[in-house]
Amino acid sequence: MDRPQQAQPKKFNWTILVVTLIVIAVIGSIGWHAHDKNHTNTSTKAALNVPTGWSLFKSAAYGFQLTYPSDWGQASATKTALQKGNSYVVSFSQNQMDNAPPKHTITIYMESEDAQTKACNSDKTQCSTSSAETKNSIDEFMKGNNHKNTIEMDDNSYAILIPAESQISSGVSIHRIVSLPSINSSAAIANYYIINSPPCTDSMVISDGPGCVPQADLGKVSQTLKSLQSI
């Protein structure tokens, strides 16, 4: 009688194992990169905190955002081409009741790093070119400044009292280092004028004008500039 044949053990398919491991590795790598990317976006672009009584302004066209006191009115941003580079301005139109005159004016300026502006006298016989305000120029000013009207805010900004536009206004200009890659800018300037400014008291900032700028107003302008960031 013939003996029954023993079943031969199946050979292990190394090809299937290798392909399976490659697929698992690829899927794992894709998942890790997606998680890492999401984590990075969350950490670098945290949502702006909007305090009570403040509003959020976003400029999708220019890629930046900020918060500001709601009683400043409606914010808008414009771009102007200079002799070289560009200038960006955020302005505020106050909501006026009964055609009352504005209580203050505020304008925020930013320029691209390569910006240059040429100014000439009326007959264009004398012209001068000025460069953009940048992180470097702010750093240099703060290191060597001895201007009597300068108020140092912090390591990234300073405020300087500016001449009044008229006999009834007082003003202050805050210069701050920012980071706005979308418009190639590293600095912002906020000019704030009070119309019919009140007499000076201990809680106010002395101005070059006939009156004073309240510390509370200076704080609001400074906080607005601090909130300025990329979208």
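The values are calculated or read from the model by the stated rules, or taken from the named source; none is laboratory data. All values derive from a computational prediction rather than experimental measurement. Cβ coordinates were reconstructed from backbone atoms using ideal geometry, including for glycine residues, and neighbour counts include every protein chain displayed.
Things worth noting here:
- T117 vs. criteria part of a strand (DSSP E or B), within 22 Å of I162 (Cβ to Cβ) and at pLDDT below 90: yes
Residue-wise test of (1) at pLDDT below 90; (2) of a type outside the set (G, A, S); (3) more than 18 Å from Y68 (Cβ to Cβ); (4) surrounded by fewer than 22 Cβ atoms within 10 Å (Cβ to Cβ).
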{"site": "G211", "(1), (2), (3), (4)": "yes, no, yes, yes"}
{"site": "V221", "(1), (2), (3), (4)": "no, yes, no, no"}
{"site": "S227", "(1), (2), (3), (4)": "no, no, no, yes"}
{"site": "S230", "(1), (2), (3), (4)": "no, no, no, yes"}
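- When region 130-157 is filtered for residues that are modelled with pLDDT under 85 and either crowded, with 16+ Cβ neighbours inside 10 Å or outside any helix (DSSP H, G or I) (or both), the ones remaining, listed by number, are N145, N146, H147, K148, N149, T150, I151, E152, M153.
- Scanning region 169-191 for residues that are farther than 18 Å from N156 by Cβ, of a type in the set (S, T, Y) and at pLDDT below 95 yields a count of 2.
- Of the residues making up region 67-84, those that are more than 13 Å from Y109 (Cβ to Cβ) and not hydroxyl-bearing (S, T, Y) are P69, D71, W72, G73, Q74, A75, A81, Q83, K84.
- Output for region 190-199, where each listed residue is in a strand (DSSP E or B) and surrounded by 20 or more Cβ atoms within 10 Å (Cβ to Cβ): A190, Y192, Y193, I194
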